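Here is the structure we will look at, set down as structure tokens.
The values are calculated or read from the model by the stated rules, or taken from the named source; none is laboratory data. Worth saying up front: this structure is predicted, and the values here are computed from it rather than measured. Because the Cβ atoms are built from the backbone with ideal geometry, glycine has one as well, and the counts that use them run over all protein chains shown. Heavy atoms of the whole protein, side chains included, go into the accessibility calculation; ligands, DNA and RNA do not. Shrake-Rupley method; radii C 1.70, N 1.55, O 1.52, S 1.80 Å.
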Amino acid sequence: MIDIFDENGILHPYKRVNIVQVYDVIPFVQIDKKSLNPTYRRYSGYRVDMSSIRLRMFATKGTICLHCGLAGTYFWLEKNKNIQDPDAGYHLNLYGLNSTKIETMLTRDHIIPRSKGGKDILSNLQTLCYPCNAKKADKMPKRNV
């Protein structure tokens with residue numbers, strides 16, 4: 001596993017294991033979450049929850065930032081460094097390369113921010129890259145008048 005540093009030298013809370021291509025992830029996402037039991041798939045020997053709301057959002061709403069158009073082209077199998085259990089905490093984060101070839105994470109954004117009463121449901125989520133998500137912050141969507 002390797003440490004991740006951003007362009008400012010800030011250490012991220014993830015340990016990286018392996019790159020996984022989008023086409024090896026999206027077809028296996030459990031989109032219909034009627035079951036209370038998560039669906040798991042193994043990548044590089046580690047168990048990943050394929051029914052997470054973030055993966056379901058990428059599978060149904062796409063892997064392109066809605067604000068700037070950055071395309072997520074690969075996933076990193078990563079583990080949160082704060083989780084002590086050696087077999088737990090593995091997940092897939094989506095990344096793409098911006099115009100200056102800097103790796104950028106794509107995230108789920110709450111259209112109506114949770115701080116303003118928005119729910120953590122697919123209909124209230126959109127794909128944004130990390131910089132666009134940070135710029136949007138907890139702003140409400142603009143209304144068409």
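Structure values in brief
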item: Listed residues GLY62, VAL48, MET140: farthest to the positive end of the dipole of the chain (Cβ charges); result: MET140
item: Under 21 Å, Cα to Cα: Lys pairs in the range 4-126, sequence gap 8 or more or different chains; result: 7
item: Protein accessible area in the chain, 1.4 Å probe - carbon and sulfur %; result: 54
item: Ellipticity estimate at 222 nm from DSSP helix runs (n ≥ 4, -39,500 (n - 2.57)) divided over the chain, nearest 500; result: -3000 deg cm²/dmol
item: Choice from LYS116, LYS61, LYS81 showing the highest fluctuation, given a GNM over the chain with Cα pairs closer than 10 Å; result: LYS116
item: Point-charge dipole on Cβ atoms (K/R +1, D/E -1) for the chain, about Cα centre, debye to 20; result: 600
item: Gap separating the Cα centres of the range 68-145 and the range 15-66, nearest whole Å; result: 14
item: Accessible area of the chain divided out per residue, in Å², using a probe of 1.4 angstrom; result: 61
item: Scattering curve values for the chain, log₁₀ I(q)/I(0), Debye with Cα scatterers, q = 0.16 Å⁻¹; result: -0.94
item: Candidates LEU122, LEU55, LEU36: whichever shows maximal mean-square fluctuation once the chain is modelled as a Gaussian network with Cα springs under 10 Å; result: LEU36
item: In sequence order, calculated HN-Hα J values of the range 73-82 (Karplus, 6.51, -1.76, 1.60; Hz; x Gly/Pro); result: 10, 7, 9, 9, 6, 9, 10, 5, 5, 7
item: Cα radius of gyration and Dmax for the range 55-134 (Å); result: 13.7, 37
item: Table column - 3J(HN,Hα) (Hz), the range 14-26, Karplus curve with 6.51, -1.76, 1.60, x for Gly and Pro; result: 10, 10, 8, 10, 6, 7, 10, 6, 3, 5, 8, 10, 3
